[in-house]
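Undergrad: For reference, the structure I am asking about is given below.
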Amino acid sequence: MAGRAQADQLSTRPIGTITRGTTGVNRLRRSDRWLVHDELVRTRLREAPDPLVVDLGYGASPWTTLELATRLRAARPDVRVVGLEIDPARVVPGRDGVVFARGGFELAGLQPVLVRAFNVLRQYQEAEVAGAWARITDNLAPDGLLVDGTCDELGRRCAWVLLDRAGPVSLTLAWDPFTVETPSDLAERLPKVLIHRNVPGEKVHALLAAADRAWAHAAAMAPFGPRVRWRAAARLMREQGFPVREYRRRMRDNVLSVPWSAVAPAA
């Protein structure tokens, strides 16, 4: 009852359009793992006076929001998670310390330190992305972050842009090492702002082509497993001048992360 009362106090004038609402248990595990371990995200979450996180557009079922809350508590035990949906029929009673309410890009009047919007903007037009980003980031806490991402139905291929109030910070691709054949297979899951930019002359196209070449070059490492092979491929890309982030810890997923400047669309 307390969760429902809190939800009722939130804004009832959401901005945006209703999406298809497709979701599934554990679908966003790769982005969740990255959020929990990313240094910038962890720092912002730990230092926030109010550790409020919004899961925007969680879909027809709230499972991924509940999973996000559970995983983020490893970094900040007192994190507060609110799931927002623009479709009132999808708003469910709060449970497990998570509140659900109606809301859109205006974030229901909240000022979270982190917003996750997965498979939301993918259903908009590319020209609408900048406005949606601005609307969301304007409502963040001063040091807040936005994750705008997409993934396939089983969460085996994921891609997301990390933004702060100043704009995009980085692009990250994460995939199941055992079911994805080449890095460029992630092209079909690029965020809306990049998915139509995977053409010659665009930076993201050059990045994916270089990743495929490095992956092929590292074929000799295949007997040691796809994770070892990808680490070798990523190292080769760095040697070639691509600013691929190096992770010191061993990763369960294959991850390719670069600064936004490395993939920013041509004017």
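The values are calculated or read from the model by the stated rules, or taken from the named source; none is laboratory data. Because the structure is predicted, anything quoted here is derived from the model rather than measured. Note that we place each Cβ from the backbone using ideal geometry, even for glycine, and neighbour counts take in every protein chain shown. To get the accessible areas, we keep the full protein, side chains included, count just its heavy atoms, and leave off ligands, DNA and RNA. Shrake-Rupley method; radii C 1.70, N 1.55, O 1.52, S 1.80 Å.
Undergrad: Quick one: work out the % antiparallel among DSSP beta bridges in the range 112-267, nearest 5.
TA: 80
Undergrad: On to the next question. Expected output is a single nm value to one decimal: the length gained when fully extending between Arg213 and Ala262, i.e. 0.36 nm times separation in residues minus the C-alpha distance. What is it?
TA: Additional length available on full extension: 15.9 nm.
Undergrad: Can you give me the long-range amide H partners of Asn254? Hydrogens built in the peptide plane at 1.01 Å from N, cutoff under 5 Å, separation of 5 or more residues or another chain.
TA: Trp175
Undergrad: Could you give each residue of the range 146-159 its phi-based ³J(HN,Hα) in whole Hz, using Karplus coefficients 6.51, -1.76, 1.60 with θ = phi - 60°, and x for Gly or Pro?
TA: Using θ = phi - 60°, the values come out as 10, 10, 10, x, 9, 7, 7, 5, 9, x, 7, 10, 10, 8 Hz.
Undergrad: A further question follows. Would you mind getting me the FRET efficiency between Ala206 and Arg135? Use the beta-carbon distance for r and R0 = 45 Å, nearest 0.05.
TA: 0.90
Undergrad: With θ set to phi - 60°, apply the Karplus curve 6.51 cos²θ - 1.76 cosθ + 1.60 along the range 249-263 and write out the HN-Hα couplings as whole Hz, x wherever there is a Gly or Pro.
TA: Per-residue couplings from phi come out as 7, 6, 9, 6, 9, 7, 10, 10, 10, 9, x, 4, 4, 7, 9 Hz.
Undergrad: Same structure again: Provide the per residue accessible area, probe 1.4 Å, for the chain, rounded to a whole number of square angstrom.
TA: In whole numbers, the chain has 45 Å² accessible per residue.
Undergrad: With every protein chain kept in the model, how would you rank Ser170, Ser184 by accessible area, 1.4 Å probe, largest at the top?
TA: Ser184, Ser170
Undergrad: Could you list which residues have their amide H under 5 Å from that of Val169, counting only those 5 or more apart in sequence or on another chain, with H placed in the peptide plane?
TA: Hits under the 5 Å cutoff: Leu162, Leu163, Asp164.
Undergrad: What is the magnitude of the charge dipole of the chain about its Cα centre, with +1 placed on the Cβ of each Lys and Arg, -1 on the Cβ of each Asp and Glu, and no other charges, expressed in debye to the nearest 20?
TA: 720
Undergrad: Right, another one. Looking at the chain, what % of its DSSP beta bridges pair antiparallel, to the nearest 5?
TA: Within the chain, antiparallel bridges account for around 55 percent of the total.
Undergrad: Let me check the size of the range 193-238 from its C-alpha atoms; what are the radius of gyration and Dmax in Å?
TA: 12.2, 36
Undergrad: Moving on to the next point. Among (1) 0.99; (2) 0.97; (3) 0.93, find the value of Rg/Rh (Cα atoms, Kirkwood Rh) that was calculated from the structure presented, and write down its label.
TA: Calculated Rg/Rh (Cα atoms, Kirkwood Rh): the matching label is (2).
Undergrad: Using amide H atoms built 1.01 Å from N in the peptide plane, name the residues 5+ places from Val115, or on other chains, whose amide H lies under 5 Å from its own.
TA: Val54, Leu145, Leu146, Val147
Undergrad: Can you work out ³J(HN,Hα) from phi for every residue in the range 198-203, in order, using Karplus 6.51 cos²θ - 1.76 cosθ + 1.60 and θ = phi - 60°, giving whole Hz and x for Gly and Pro?
TA: Once θ is set to phi - 60°, the couplings for the range 198-203 become 7, 9, x, x, 9, 5 Hz.
Undergrad: Tell me the carbon and sulfur percent of the accessible area for the range 161-267, rounded to whole percent, probe radius 1.4 Å.
TA: Accessible surface attributable to carbon and sulfur in the range 161-267 totals 53 percent.
Undergrad: Pop out the Kirkwood hydrodynamic radius of the range 104-230 from its pairwise C-alpha distances, inverse of mean 1/r, in Å to one decimal.
TA: One decimal place: 15.8 Å for the Kirkwood radius.
Undergrad: Moving on. How many nm is it between the label spots at Ile15 and Trp63, if each spot is 7 Å from the Cα in line with the beta carbon?
TA: 3.3
Undergrad: In nanometres, what is the gap between the two model label sites at Ala220 and His37, each 7 Å from Cα along Cα-to-Cβ?
TA: 2.7
Undergrad: For Cα pairs less than 8 Å apart in space and 6+ apart in sequence, what is the mean separation divided by the residue count of the chain, i.e. the relative contact order in percent?
TA: 16
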